[in-house]
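The values are calculated or read from the model by the stated rules, or taken from the named source; none is laboratory data. Predicted model, so just to flag it, every value in this text is computed and none were measured. Please note: Cβ atoms are built from the backbone with ideal geometry, for glycine as well, and neighbour counts cover all protein chains shown.
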Amino acid sequence: MKPVLVSGIQPTGKLHIGNYLGALKNFVDLQDSGEYRCHFFIADLHSMTEPFDPKDKRLQVLELCADYLAAGLDPAQSVLFVQSEVPAHSEFAWILNTITPVGELQRMTQFKDKSLRQEEHINAGLFTYPVLMAADILLYDARTVPVGDDQLQHLELTRTLVRKFNAKFGNTFVEPKGLLTRTPRVMSLKDPLKKMSKSQPDGCIFLDDEPEAIKAKVSRAVTDSETTIAYDPDRRPGLANLLEIYSALTHLEPKAVAAEFAGESYAELKRALTSLVAEHFAGFRAKKKELLASPDTIAKIFAAGSKTAAATANATMAEIKRKTGLSG
Ligand code: AMP
Ligand code: TRP
C-alpha cells in the first residue's frame, strides 16, 4: 500500500503565491507523482478561530474548493473533502485535548502571533488549534504532511501526541513527517524580512490577480540600493525573494536565475517576473472562473470526497474508542 499523505488549507480569503509555492503547488506535484494516497481538505473548522462573518464562510469554502481544482487537484486521484463534513475530526480533537500539556500549546509561535494580531478575539480554539491539526493527520494514519515551514512546530506537537497516546492507550499511531517545498517561506514584497501573509495584502501576489495588479505589485517590490543582480538571501533579501519566486516557477536554481539576469537592471528582472507570474496563472484564473460558474458541481465533488474520508476517519475513531475504553 502507498503511504498516506494529508494536508489542508484554511478558507480565510484569497490564496497568495506563498500559499501556492509553500503548499498548493506541492500538493499537485505530490498527487501527480502517484507515490501517495493523497487527502486534501478545506480546514473550515480551523478557520473559525479567526474573526469572520458567517455570511462569507460558505463562499470562502467554495472559493478554496475551486482553487484546489483549478490548481490541478483531481478527485479521481486524491480524496478532496471539507473538514466540517467529517465530524470525527472534532471528536478526536477532544480526546487529544485531554492528553495535551497546556505548556506545549503556550509555546506555539502561531498562537502568540495571532494573539497579538487579534487581541479582541483570543479564543480557546486558537489555543488548541494544533490539537485539531493532529486529529486531522492521525485519523487517516498519514505519514507525510506537506506544509510551509510555519506549520512545522504544529507537526512536532502531533508527533508528541502520538507518543503520549501510544504510551497511555497502547500502540496505535505512527509519527508523521513534514515535507517542505523548495520555497517553504515566500517573503512579503513590501517587507522582505516578513513572510508573505494576507494580513498585509499589498505585499502579496494573489493567485486571482490580473496581470495589471501583478505588474503594480512586482514593480513596487522592495529590493535594495545596489545595482547588480546576485542571489544573496542574507544581505539582499528582497532581491533574493524575487529570484526565488522566479526559480520556483521555472525550476531553475535561484543562482542560475541571477546568472541569467546578470548585467540587467532590477526593472528588467521585475518585468520578466511579472510576465512569468501572469502567464503561469492564466490557466488557473480561467479554470477557476469556469468552475465557480457551476458551484453545484464543486459541491458534489467535495461531498463525495467527504463521504470517502468519513469512512476512513470513522474506522479510526472506532479503534480510538476501543483503545481509550469509551467503547467495549
Ligand atoms: P494558511 O493560509 O495559513 O492556511 O496556509 C496554507 C499553507 O500555505 C500552509 O501550508 C502554510 O505553511 C503555507 N504558507 C502560508 N504563507 C506562506 C508563505 N509566505 N510562504 C510559504 N508558504 C506559506
Ligand atoms: N494549520 C494549517 C495552516 O494554517 C492548515 C491545516 C490544518 C493543516 N490541519 C492540517 C495542514 C493538517 C496539514 C495537515 O496552514
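Key figures for this structure:
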read-out	value
Residues of the range 158-181 classified as surrounded by 21 or more Cβ atoms within 10 Å (Cβ to Cβ) and either outside the structural domain of ALA88 (by TED's automatic domain parsing) or not β-branched (Val, Ile, Thr) (or both), total	4
Selected residue (only one of LYS25, LYS57, LYS14 is buried (at least 18 other Cβ atoms within 10 Å of the Cβ) and among the charged types (D, E, K, R))	LYS25
Top-ranked residue of the range 111-143 - restricted to ones that are of a type in the set (Asp, Glu) and at negative phi, ranked as modelled with the highest pLDDT	ASP136
Residue that is nearest to SER78 (Cα to Cα), among those in the range 300-328 that are among the small types (Gly, Ala, Ser) and surrounded by 15 or more Cβ atoms within 10 Å (Cβ to Cβ)	GLY305
First in the range 288-303 and in a helix (DSSP H, G or I), second anywhere and among the polar types (S, T, N, Q) and at pLDDT 95 or above, Cβ under 9 Å, 6 or more apart	LEU291/THR297
Which listed residue is hydrophobic (A, V, I, L, M, F, W, C), part of a helix (DSSP H, G or I) and within 16 Å of ligand 1 (Cβ to nearest atom), from ALA134, ALA213, ALA167	ALA134
